[in-house]
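The values are calculated or read from the model by the stated rules, or taken from the named source; none is laboratory data. These numbers come from a predicted model, not from an experiment. Every residue, glycine as well, gets a Cβ built from its backbone with ideal geometry; the counts of neighbours run over all protein chains shown. Remember, those area values only see protein heavy atoms, side chains included, never the ligands or the DNA or RNA. Shrake-Rupley method; radii C 1.70, N 1.55, O 1.52, S 1.80 Å.
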Amino acid sequence: MRESLLTFTLRQSKRRSSLASCLVFLLLIVAPVFAGPAGREQDRGAWHTAAPAAMKRTEVAAATVGGKIYLVGGFEEPSISNVVNLSITPVVEEYDASTDKWSSKAPMPVGLHHVGVGVVGGRLYVIGGYKQSGLSVWGPVATLYAYDPAVDAWT
């Protein structure tokens, strides 16, 4: 009798432990899912349409310097005027979100696409990428160009 009472007590203890584990799981994992949209809406933010860039292009690189967004290089929309350079552009555009306006900046020393970009010390660095190579648009380069927005110049 004593042994069965002990077995019954252990089973009850395990059931309580399992019930407690289930409650903890519900509170920590499942409850936030059903907490309602109030918390989730706050995390989503909101989208709005801003001023379009002056040039239509693809395969650009973008980075922020001093609170402004810079677009560099890429392929511009093909046309008769850019067929010689296979639509690869050296164009740099700056977007100021506070005024919702774009402006043209000093072009890169050479037109590039698929570049890497980084920002250090208030300068935009354009690393590698591809340039026109003969009749091909995929001539890899090992260049590093630095753009200083304070003087609108490349080195």
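Here is how the numbers come out for the structure above:
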{"item": "Percent accessible area from carbon and sulfur atoms, segment 91-155, protein chains only, probe 1.4 Å", "result": "58"}
{"item": "Most to least packed among 43-54, 106-117 [average Cβ atoms within 10 Å]", "result": "106-117, 43-54"}
{"item": "Whole-Hz ³J(HN,Hα) from phi, Karplus 6.51 cos²θ - 1.76 cosθ + 1.60, for segment 60-67, glycine and proline x", "result": "7, 10, 9, 7, 10, 9, x, x"}
{"item": "For segment 149-155, Karplus couplings with θ = phi - 60° (6.51, -1.76, 1.60), whole Hz, Gly/Pro x", "result": "x, 5, 10, 6, 9, 9, 10"}
{"item": "Amide H within-cut-off set for Ala61, under 5 Å, with H built and near neighbours excluded", "result": "Val72"}
{"item": "Peptides ranked, highest mean first, by Cβ atoms within 10 Å: ranges 90-101, 135-146, 66-77", "result": "66-77, 90-101, 135-146"}
